[in-house]
Structure formats: C-alpha cells, structure tokens
1. List residues of segment 7-36, by number, whose backbone nitrogen lies under 15 Å from a label position 7 Å along Cα→C-beta of Ile95.
2. Can you flag which of Lys11/Lys89; Lys11/Lys127; Lys2/Lys143; Lys4/Lys120 are past 21 Å Cα-Cα?
3. Per residue, how large is the accessible surface of the chain? Use a 1.4 angstrom probe and give square angstrom.
4. Can you give the helix-only mean residue ellipticity at 222 nm for the chain, where every DSSP H stretch with n ≥ 4 adds -39500 (n - 2.57) and the sum goes over all residues, rounded to the nearest 500 deg cm²/dmol?
5. Can you pull out the GluC sites (Glu not before Pro) in segment 1-97 whose DSSP state is coil and whose Cβ has at most 13 other Cβ atoms within 10 Å?
6. Can you tell me the relative contact order of the chain? Whole percent, Cα pairs under 8 Å, sequence separation 6 or more.
7. Quick one: with all protein chains in place, what share of the accessible area of segment 23-161 is carbon or sulfur, to the nearest percent (1.4 Å probe)?
8. So what's the projected area for the chain, the Cα convex hull averaged over all directions, in nm²?
Amino acid sequence: MKVKVMRPIFKPEDGSNTDFVLYPYYIFHLRLFYKRLGRSDRVFDYYAYVDLYRLGAERGDGFIELYEWNVDERQVMEPLVDYEEARFKAFESAITWGNSRVISWWLPRIEIIREEQAYKVFWVFKKGGETFVMDSLNGNEFKLKDLTGTKERTCKGLWCR
C-alpha cells in the first residue's frame with residue numbers, strides 16, 4: 001500500500017537489521033484571522049500535528065517534507081481518531097495558541113491552507129541483544145520491553161493502572 005511518510009531525520013546506526021512501524025498523524029496548515037478594535041487585524045500561520053492514536057496536538061514550525069512509501073499494511077498502525085475529531089483538535093490547539101498572542105473580542109476566522117494524513121516512522125532494531133524503538137524525528141531510543149510492559153508490576157493495589 002502507498003502511504004505518505006514524514007521525512008525521517010534519524011535512523012539507527014546499524015541499518016542492516018532494522019524494521020519500522022508507521023504511526024498515524026494528520027497535519028494541518030491553518031491560517032488564523034483576528035479582528036481587533038482600534039488596531040490592525042492580525043494573521044497567523046499555525047501548523048498542527050494531530051496524533052491520530054492519542055488525539056494530542058503539537059505545534060510545528062512548518063509543514064514537514066513528506067515522502068511516498070510502498071509498505072506492507074502490517075507495518076501501518078490504524079488511526080483511532082477520524083478526520084472530524086482531528087480537525088476539531090487542530091482548531092482548538094490553534095485558537096489556544098493564537099489567543100495567547102493577540103487580544104481580540106472575537107474568535108479568529110480559520111482557513112485550512114493544506115492538510116495531509118501522514119505517518120511518523122518508528123525504527124525497530126536490535127542493539128546489544130535487546131530490541132529498541134527509535135523515534136525518527138527526534139532520535140530518542142526506548143527499549144521495547146519497557147514500552148510493552150513485560151516487567152513485573154511493582155504496584156498491586158486498587159489504584160494502580
């Protein structure tokens with residue numbers, strides 16, 4: 001299947017034994033138009049990266065470069081959030097950010113300039129006999145066993161998660 005992938009910045013040093021998982025995002029380039037009394041109107045560009053698994057939104061500096069990859073569908077995580085929820089979350093995040101920068105009596109008019117569903121690459125590789133997962137955008141490495149919770153629980157009470 002063909003998917004759009006955010007350009008990986010980091011990759012494991014030993015790329016010979018590397019696999020990957022694609023994590024779903026929706027990327028929005030929004031333009032916010034603020035009306036102000038007695039002052040000039042303000043216009044802001046906002047880039048929202050909405051996590052389609054946990055419904056979180058992050059602000060970006062721009063629209064990341066996207067590549068088109070042919071991948072096996074088993075390597076692609078299915079989104080748990082639909083387009084409408086993602087768009088609402090992007091608008092909510094943009095309004096919160098914009099309202100912290102400008103004083104206005106009105107909510108901004110929001111225009112969608114560009115939107116794409118894309119996937120973030122998480123590399124899965126072995127190092128020193130252990131399996132690791134690496135975030136391709138910031139280079140952070142995590143042991144797979146720490147992420148999957150295969151360790152024994154230390155908390156055994158009613159209030160433990």
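1. Backbone N within reach: 31-35.
2. On the way: Lys11/Lys89 30 Å; Lys11/Lys127 13 Å; Lys2/Lys143 29 Å; Lys4/Lys120 9 Å.
Over 21 Å apart, Cα to Cα: Lys11/Lys89; Lys2/Lys143.
3. Working: 10700 Å² over 161 residues.
Roughly 66 Å² per residue, with all protein chains present.
4. Values: 2 runs with 22 residues, N = 161.
One gets -4000 deg cm²/dmol as the mean residue ellipticity at 222 nm.
5. Values: sites: Glu13, Glu58, Glu65, Glu68, Glu73, Glu84, Glu85, Glu92; in loops: Glu13, Glu65.
Here the sparse-neighbourhood loop sites are Glu13, Glu65.
6. Here the relative contact order equals 34 percent.
7. On the way: 4660 of 9220 Å².
Its accessible area is 51 percent carbon and sulfur atoms.
8. On the way: hull surface 52.9 nm².
Result: 13.2 nm².
The values are calculated or read from the model by the stated rules, or taken from the named source; none is laboratory data. It should be emphasised that the depicted structure is a prediction, and the values quoted were computed from it without experimental measurement. Positions of Cβ are backbone-derived with ideal geometry, glycine not excepted, and every protein chain shown enters the neighbour counts. Note: accessible area is taken over every heavy atom of the protein model, side chains too, but ligands, DNA and RNA are not part of it. Shrake-Rupley method; radii C 1.70, N 1.55, O 1.52, S 1.80 Å.
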